[in-house]
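Peer 1: Here's a structure for you.
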Amino acid sequence: MAKELWKGNEAFAEAAIRAGLQAYFGYPITPQTEALEYMSARMPELGRVFLQAESELGAINMVYGAAATGVRTMTSTSSPGTSLMMEGLSYIAATELPMVLVDVVRGGPGLGTISPSQGDYNQMVHGGGHGDYYPIVMAPAGVQETVDMVYGMFDIAEKYRSIGVVMLDGSIGQMIEPAEMPPMLEVRKDIPEWAVRGGAGKDKRILTSINLDPAEMEKMNLRLLKRWKEVEKNEVRFAEYYMDDAKIAIIGNGTAGRIALSAVRTARAAGIPVGLLRPISLRPFPVQAVQEVAAQLDNILVVEMNAGMMLEDILKIVQGKTSVEFYGRIGGVMPYPEEILAEIQRIAANPAPIKGHPRDLWMERIEPVINQ
């Protein structure tokens, strides 16, 4: 299929439909509302289920019910809506049901702003709701990657009977780019062996998230953990750019990584040996790739659209083996390539290890910029 211009939100909605999505439940919230609007027309057109719920709480529990019947189901929302879905996500995880969530992240905390952000990193990568479990979280850097990621996430979620999250910032949701749509899959007619079927004369199946016996609950938690180890073994994804001869490594995911790549190319044209590592899977995180960078290079610059959430993961992985610095923009502000280029030039001019926490040093540098 030839490439066409697609808006990010509409593109991932069409990708989900082509992946065999059978039921979508959601609630409008900027900057992802176009996805819901697109689904409202396209799903009934194909004879599939679309329902605008009364709230995000209602939507995620409708997804819970649909997932229990074995159909391909999903929702999409943005940061405040994601917070409202946390309880339902935890119930879905405990019941070991597959589903897909697309989180189009906006600035916060609170009601915040409708501008792009990566402020949901901790909520999704280190959270996803209460209890001992991890959702599978991936972060695209453009519309085509979002399409491919959503299209493939249903298979991944079903393979591990887990929650699959595609976390993109609002700029990708609103961006219009050329994208090639994948082929339309037939809607699945068979019912998974674990799904509830209903009706008299059929085998009894009970799906629930409650288990009042601590010993049985411990077994369930261990089962989830063993399954997660398989996710860590098979689903780590990342991209590298210009790392073969780099002396400085930028680490950034999603749009922050994409913007950083522009700065990397400009810096290399000026003779600065810098490369980019872009984590694509945020949970599981590309730990080994970061360890290899830390073992080979003297300087790492972490770039984010938050106050350093991924930075903390990088620091734990690096364990002081190389100098780690940070640059971020917060509250819905996006960094310009020129800002990241200035950070690269600063590090190249003085590559000595920093003294102090990289976030504290960044705050000293960024406050005058914010107050201009």
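The values are calculated or read from the model by the stated rules, or taken from the named source; none is laboratory data. Fair warning: this is a prediction, and the values are worked out from it, not measured in the lab. Positions of Cβ are generated from backbone atoms using ideal geometry, with glycine treated the same way; all protein chains shown enter the neighbour counts.
Peer 1: Select the helices (runs of 4 or more DSSP H) contained entirely in the range 26-85, then report the ones holding at least 3 residues which are within 24 Å of D155 (Cβ to Cβ) and of a type outside the set (V, I, T).
Peer 2: 33-45, 56-68
Peer 1: Looking at the structure I just gave you, is Q288 polar (S, T, N, Q) and either in a loop (DSSP other than H, G, I, E, B) or at positive phi (or both)?
Peer 2: No.
Peer 1: Still on this structure: Please determine whether any residue of the range 278-285 is of a type outside the set (G, A, S), farther than 30 Å from D148 by Cα, part of a loop (DSSP other than H, G, I, E, B) and touching a residue at least 60 places away in the same chain (Cβ under 8 Å).
Peer 2: No, the range 278-285 contains no residue that is of a type outside the set (G, A, S), farther than 30 Å from D148 by Cα, part of a loop (DSSP other than H, G, I, E, B) and touching a residue at least 60 places away in the same chain (Cβ under 8 Å).
Peer 1: Could you please let me know if E14 is modelled with pLDDT of 95 or more, part of a helix (DSSP H, G or I) and among the charged types (D, E, K, R)?
Peer 2: Against the criterion (modelled with pLDDT of 95 or more, part of a helix (DSSP H, G or I) and among the charged types (D, E, K, R)), E14 qualifies.
Peer 1: Follow-up question, since we're still on this one. On the basis of being within 28 Å of L315 (Cβ to Cβ), under 16 Å from the mean Cα position of the chain (by Cα) and in a strand (DSSP E or B), does V165 make the cut?
Peer 2: Yes: the conditions hold for V165.
Peer 1: Quick test of your reading of the structure: Q52 fulfils all but one of (1) in contact with a helix residue (DSSP H, G or I) (Cβ under 7 Å, 6 or more places away or on another chain); (2) more than 15 Å from Y24 (Cα to Cα); (3) surrounded by fewer than 18 Cβ atoms within 10 Å (Cβ to Cβ). Name the failing condition by number.
Peer 2: Of (1) in contact with a helix residue (DSSP H, G or I) (Cβ under 7 Å, 6 or more places away or on another chain); (2) more than 15 Å from Y24 (Cα to Cα); (3) surrounded by fewer than 18 Cβ atoms within 10 Å (Cβ to Cβ), only one is false for Q52: (2).
Peer 1: Something else about it: Among the listed residues T146, T113, T208, which satisfies the condition of being surrounded by 14 or more Cβ atoms within 10 Å (Cβ to Cβ), part of a loop (DSSP other than H, G, I, E, B) and of a type in the set (S, T, N, Q)?
Peer 2: Just a single option satisfies the conditions, and that option is T113.
Peer 1: Filter the range 174-189 down to the residues that are over 15 Å from A19 (Cα atoms) and either out of contact with any Phe, Trp or Tyr (no Cβ under 8 Å at 6 or more places or on another chain) or not assigned by TED's automatic domain parsing to the domain that holds D103 (or both) and list them by number.
Peer 2: Listed by number, the residues that qualify are Q174, M175.
Peer 1: Conditions first: (1) of a type outside the set (G, A, S); (2) modelled with pLDDT of 95 or more; (3) in contact with a helix residue (DSSP H, G or I) (Cβ under 8 Å, 6 or more places away or on another chain). E367 passes all but one, so which condition is the exception?
Peer 2: (3)
Peer 1: Here are the criteria: (1) farther than 23 Å from D148 by Cα; (2) surrounded by fewer than 23 Cβ atoms within 10 Å (Cβ to Cβ); (3) in contact (Cβ under 8 Å) with a residue 40 or more places away in the chain. Tell me which single one G81 does not satisfy.
Peer 2: Failed condition: (2).
Peer 1: Also, quick follow-up: Scan the range 302-334 residue by residue and report those that are surrounded by 22 or more Cβ atoms within 10 Å (Cβ to Cβ) and within 14 Å of R106 (Cα to Cα).
Peer 2: E304, M305, N306, R329
Peer 1: Identify the single condition in (1) closer than 17 Å to E10 by Cα; (2) without any contact (Cβ under 8 Å) to a residue 24 or more places away in the chain that V102 does not satisfy, given that it satisfies every other one.
Peer 2: All conditions are met except number (2).
Peer 1: Now, a different point. Could we say that E216 is under 22 Å from the mean Cα position of the chain (by Cα) and over 28 Å from I114 (Cβ atoms) here?
Peer 2: no
Peer 1: Can V303 be described as at pLDDT 95 or above and in a helix (DSSP H, G or I)?
Peer 2: The answer is no for V303.
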